[in-house]
Each structure stands twice: as C-alpha cells, then as structure tokens.
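Written out below as structure tokens is the structure these notes cover.
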Amino acid sequence: MSRIAFLGLGRMGQPMARRLLGAGHELAVWDPLEERSRPLAEAGARAAESPADAVAGAGLVISMVADPAALGTALFGDGGAAQALGRGALLLEMSTVGPSAVHDLAVRLEPDAEVVDAPVLGSIPEAEAGRLIIMVGASPATFELVAPVLAAMGTPRLVGARGSGAALKLAVNLSLFGVATALGEAMALATSLGVESGVAADVLASAPWGALLRSRRGMIESGTFPAQLRMGLAVKDSHLIREAAEAAGMRVPVSGAALGWLEAAQRRFGPDVDFAAVIAEIMRQS
C-alpha cells in the first residue's frame with residue numbers, strides 16, 4: 001500500500017498529494033497539465049507521463065478530478081489508468097462525481113480492481129492542514145485497509161457500502177448551496193427593507209448558520225472572489241444532485257432554486273470565481 005498513484009493535481013489534489021508524500025508514501029502523480037506535477041516531483045514524487053504510467057505497480061490509485069468526464073478520460077482514455085491497473089489494486093475515487101459514476105466504475109473495473117468512493121468535505125486550507133472529513137463508501141474490511149492512508153489527509157469515516165460516500169457528498173453540497181443562496185436572499189431582503197448591509201451581515205454571520213458568511217464576508221464586501229470552491233464546480237455538483245435525486249424518484253426544489261442562482265452568478269462572474277459570488281449576484285438583483 002505504500003506505492004500510491006495520484007491522478008488529478010488541481011487545487012485540492014495538490015495539497016492532498018503533498019500530505020501523502022509527507023507521510024512517507026512512494027507516490028507517482030499525473031495531471032493533464034504537466035506543470036502541475038513539477039512541484040510534487042521536486043518534493044520527491046515521480047511525475048508520470050500518463051495515467052497508465054502512474055498506476056503501473058501501484059497497489060492504491062487515488063483519483064481527484066473535476067467531474068465524471070475527466071474521470072472517464074483518466075481511467076479509460078488514451079493512456080488511461082484502467083489498462084495498467086494490477087489485479088487486486090484499489091481505486092480510491094475522491095472526486096465529486098455522484099454515486100452512479102462510482103457504480104459504473106465498479107462494473108467496468110471489477111473483479112480485477114476494487115472501487116472505493118471517498119469524497120471529501122473541506123476546502124484548500126483543510127486539505128493543506130490534513131483536516132478534511134473523508135466520507136468512505138466501502139466494506140468494513142476495505143475501510144480498515146485504506147483508513148491509515150486516508151488519515152494523512154484528514155479524518156476518514158465509513159458511511160456505508162460503496163456509493164454511500166459519493167451520495168452523502170451530494171447531500172452535503174445540497175445543504176451548502178441551499179445555505180449560500182438563502183443567505184444571499186436574506187441579505188437582499190434586509191437591504192431592500194432599509195437595513196444597512198453591514199448590520200445585516202453582522203447579525204446573519206453571528207447566527208448558528210452564519211459560518212459560510214463569516215468565512216466569505218471579505219469577498220462579498222470587496223467584490224472579489226478568489227476561489228476556494230469554484231463556481232463551475234458548484235454548478236456541476238448541483239446538476240449531479242438533481243440527477244441523483246431524479247434517479248431516486250424524489251424532488252429537491254431547494255436544490256433547483258439554488259442551481260438557478262448559481263447559474264445566474266456563473267453567467268455574470270464566470271466559472272473560476274468562488275461560489276460565494278452567488279450572494280453578491282442575489283443582492284445585485286434585489
């Protein structure tokens with residue numbers, strides 16, 4: 001298990017991979033943007049030329065990519081990891097791709113390789129500090145096997161059978177986007193009724209549900225939104241939430257409303273700002 005391949009070195013993948021290096025694991029890394037591998041190679045990782053090159057000889061493969069399409073490319077595209085996975089290897093899928101993508105992976109890869117879903121709760125500061133909450137969908141025996149590796153990146157928790165981690169991540173994000181848009185509407189309502197915006201922000205930030213506003217208030221007041229969770233990913237996750245809910249035969253109207261606001265904010269600010277720009281967009285339209 002000490003030989004690990006890490007696929008995807010974006011904003012979250014970089015610090016997560018670095019935590020594994022710091023824990024003493026032998027690491028091969030790959031990203032479609034070669035320059036992202038360079039800092040990790042300088043820190044002791046092997047920079048692979050392709051996903052297949054990265055996973056050759058690895059007992060554990062971690063994927064941390066943007067969306068299901070990127071996951072498919074990394075696994076099954078030209079030079080994809082699937083062609084080089086050794087029998088008995090573990091694929092630890094840590095992206096936010098939804099449970100259906102996880103189950104599709106298992107159908108395509110097993111019995112040669114075992115698929116475990118382990119998406120994370122937290123952003124870049126938590127990834128850098130090793131304080132991510134990691135939601136693992138696996139058997140108890142497999143969880144015991146991967147938990148020591150995951151502990152280098154945060155606190156792993158077994159949340160159910162395969163697919164449960166991916167499903168819970170969508171539920172968590174539904175609540176996150178719902179809170180963000182509700183705070184935006186609350187700010188807009190307060191200011192529309194004559195309350196000064198700073199006063200409204202003070203009170204809302206002090207409420208039990210105000211942590212998001214407290215952490216992003218500087219962005220909202222300055223009008224600049226350096227990304228922790230990119231708007232484009234928030235929109236992607238919201239679509240995954242709706243697709244999963246439809247597959248389960250349930251309605252999620254709060255998610256639908258949040259998606260509408262997120263898409264409006266993305267049209268105005270673009271996909272690369274922090275998703276908290278949705279609060280500014282709601283206030284602008286009030």
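Since every read-out is calculated from the coordinates, none of them should be taken as a lab result. Note that the structure is predicted; figures quoted are calculated from it, not measured. Cβ atoms come from the backbone with ideal geometry, glycine included; neighbour counts cover every protein chain shown.
For the chain, the membrane-span-like helix rule (DSSP H, alpha carbon extent of at least 27 Å along the helix axis, mean Kyte-Doolittle at least 0.5) picks out 164-192; this says nothing about an actual membrane. Computed from the C-alpha gyration tensor, the three semi-axes of the ellipsoid equivalent to segment 133-181 are 24, 13, 5 Å, from longest to shortest.
Dividing the mean sequence gap of close Cα pairs (under 8 Å, 6+ apart) by how many residues segment 95-253 holds gives a relative contact order of 22 percent.
Sequence-distant contacts, meaning Cα pairs under 8 Å at least 6 residues apart, place the relative contact order of segment 3-160 at 20 percent.
Per the Cauchy relation, a quarter of the hull surface: what is the mean projected area of the convex hull of the alpha carbons in segment 3-160, in nm²?
Numbers: hull surface 31.3 nm².
Average of the hull's projected areas for segment 3-160 equals 7.8 nm².
Expressed as a rounded percentage, what relative contact order does the chain have, with Cα pairs under 8 Å and six or more residues apart? Relative contact order for the chain comes out at 14 percent.
Counting helices only, and only those DSSP H runs with n ≥ 4, report the 222 nm mean residue ellipticity of the chain as the sum of -39,500 (n - 2.57) divided by its residues, in deg cm²/dmol to the nearest 500.
So the helix-based figure for the chain works out to -16500 deg cm²/dmol.
Distance from the Cα centroid of segment 18-55 to that of segment 121-163 is 20 Å (rounded to whole angstrom). When the convex hull of its Cα atoms is viewed from all sides, the chain shows a mean projected area of 15.0 nm².
Springs between alpha-carbon pairs under 10 angstrom, Gaussian network model over the chain: which of Glu42, Glu34, Glu126 fluctuates most? Top of the fluctuation ranking is Glu42.
Cβ crowding within 10 Å, taken as a proxy for footprinting-reagent exposure, orders Trp30, Trp209, Trp261 from fewest neighbours to most as Trp209, Trp261, Trp30. A Förster radius of 25 Å combined with the Cβ-Cβ distance from Asp272 to Thr73 puts the calculated FRET efficiency at roughly 0.75. Stokes-Einstein diffusion for segment 167-285, with the hydrodynamic radius set to the Kirkwood value over Cα pairs and evaluated at 10 °C in a medium of 1.306 mPa s, equals 110 µm²/s.
Treat the count of other C-beta atoms within 10 Å as a stand-in for reagent exposure and order Lys236, Lys169 from fewest to most.
Lys236, Lys169
Averaged over residues, the count of other Cβ atoms within 10 Å places the peptides 4-11, 174-181, 248-255, 102-109 in the sequence 4-11, 174-181, 102-109, 248-255, highest first. Simple spin-label estimate for Asp202 and Glu246 gives 4.6 nm between the two label positions (7 Å along the Cα-to-Cβ direction from each Cα).
With q set to 0.15, 0.16, 0.20 Å⁻¹, the log10 of I(q)/I(0) for segment 80-189, from the Debye formula over equal scatterers at the Cα positions, is -0.67, -0.74, -1.03. Placing dummy labels 7 Å off each Cα toward the beta-carbon, the span from Ser215 to Ser100 is 2.9 nm.
What does the extension gain come out to for Arg108 and Gln285, with contour length at 0.36 nm per residue minus their alpha carbon separation?
So the extension gain works out to 59.1 nm.
Extending 7 Å from Cα along the Cβ direction at Ala41 and again at Ala264 yields two label points whose distance is 4.7 nm.
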